[in-house]
1. Within the range 72-86, can you find the residues that are among the hydrophobic types (A, V, I, L, M, F, W, C) and surrounded by 14 or more Cβ atoms within 10 Å (Cβ to Cβ)?
2. Here are some conditions: (1) buried (at least 19 other Cβ atoms within 10 Å of the Cβ); (2) within 13 Å of the chain's Cα centre (by Cα). Ala67 meets all but one. Which one does it not meet?
3. Being closer than 22 Å to Gly28 by Cα and free of Cβ contacts under 8 Å to residues at least 12 places away in the same chain is the filter here, so list the residues in the range 127-138 that pass it.
4. Filter the range 87-103 down to the residues that are more than 21 Å from Gln36 (Cβ to Cβ) and buried (at least 19 other Cβ atoms within 10 Å of the Cβ) and list them by number.
5. Residues Ser107, Ser87: which one is within 21 Å of Leu153 (Cβ to Cβ) and among the polar types (S, T, N, Q)?
6. Among the residues in the range 104-121, are any surrounded by fewer than 17 Cβ atoms within 10 Å (Cβ to Cβ), at pLDDT 95 or above and within 22 Å of Phe24 (Cβ to Cβ)?
7. Before we move on, is Met84 closer than 23 Å to Pro145 by Cβ and in contact with a Phe, Trp or Tyr (Cβ under 8 Å, 6 or more places away or on another chain)?
Amino acid sequence: MNNSGCLILRAPLWLRVLRRYLMFIALGNMLWELMQLPAFADWSETSWKWLAFIAVIGTFGDILIAATSLVLVLVIVGDESWPMQRSSYWRVAALATLGGVVYTTYSEWRHAVVLHHWRYSARMPLVPIFRVGLFPLLQWVLVPPMAFLCVTLMLSRITPLTNYGEQY
């Protein structure tokens, strides 16, 4: 019998980690996008189809931000031990999260404050320095680390977790 149907299961560990990370990023960000809709102006006057479209488009953008941030960090500071060693794994996770926060801060400022592509409702707390919404920034402070943690928990089912310098 041909085992070609199991290619996903036989993929290298780094690729399985990347796939799972992006899956958790997609799920976490879709939930976040739906929950934060009331913090944007005009959401209550918009059809549910348009709101669903906005949430899906936002989630695709979030996936692109997360993937780009992770790949850039891996290219710049990654090494052959990622994701096998905890120290390398969490260093990359922290820097990829930071990249998402930095990009989102810039993007919210540019689109909401400068270009007025979207507006916040009174429900959106603002970060005073940049006058950007707090919820999109919290999204990037919370969702990527949770996604990395979920991937770690899935990895621990395959092999025991290890300490710094040891392999998964």
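1. Step one: filter the range 72-86 for residues among the hydrophobic types (A, V, I, L, M, F, W, C), giving 72-77, 82, 84.
If the condition is that a residue be among the hydrophobic types (A, V, I, L, M, F, W, C) and surrounded by 14 or more Cβ atoms within 10 Å (Cβ to Cβ), then Leu72, Val73, Leu74, Trp82, Met84 are the ones that fit.
2. (1)
3. Taking the range 127-138 and keeping what is closer than 22 Å to Gly28 by Cα, we get 132-138.
Answer for the range 127-138, where residues must be closer than 22 Å to Gly28 by Cα and free of Cβ contacts under 8 Å to residues at least 12 places away in the same chain: Leu134, Leu138.
4. Ser88, Tyr89, Val92, Ala93, Ala96
5. Working: Ser107 fails: within 21 Å of Leu153 (Cβ to Cβ).
Among Ser107, Ser87, only Ser87 is within 21 Å of Leu153 (Cβ to Cβ) and among the polar types (S, T, N, Q).
6. So far as the range 104-121 goes, yes, one or more of its residues are surrounded by fewer than 17 Cβ atoms within 10 Å (Cβ to Cβ), at pLDDT 95 or above and within 22 Å of Phe24 (Cβ to Cβ).
7. Values: closer than 23 Å to Pro145 by Cβ: yes; in contact with a Phe, Trp or Tyr (Cβ under 8 Å, 6 or more places away or on another chain): yes.
Yes: the conditions hold for Met84.
The values are calculated or read from the model by the stated rules, or taken from the named source; none is laboratory data. Every value quoted in this text rests on a predicted model; they were computed, and no experiment measured them. Every residue, glycine as well, gets a Cβ built from its backbone with ideal geometry; the counts of neighbours run over all protein chains shown.
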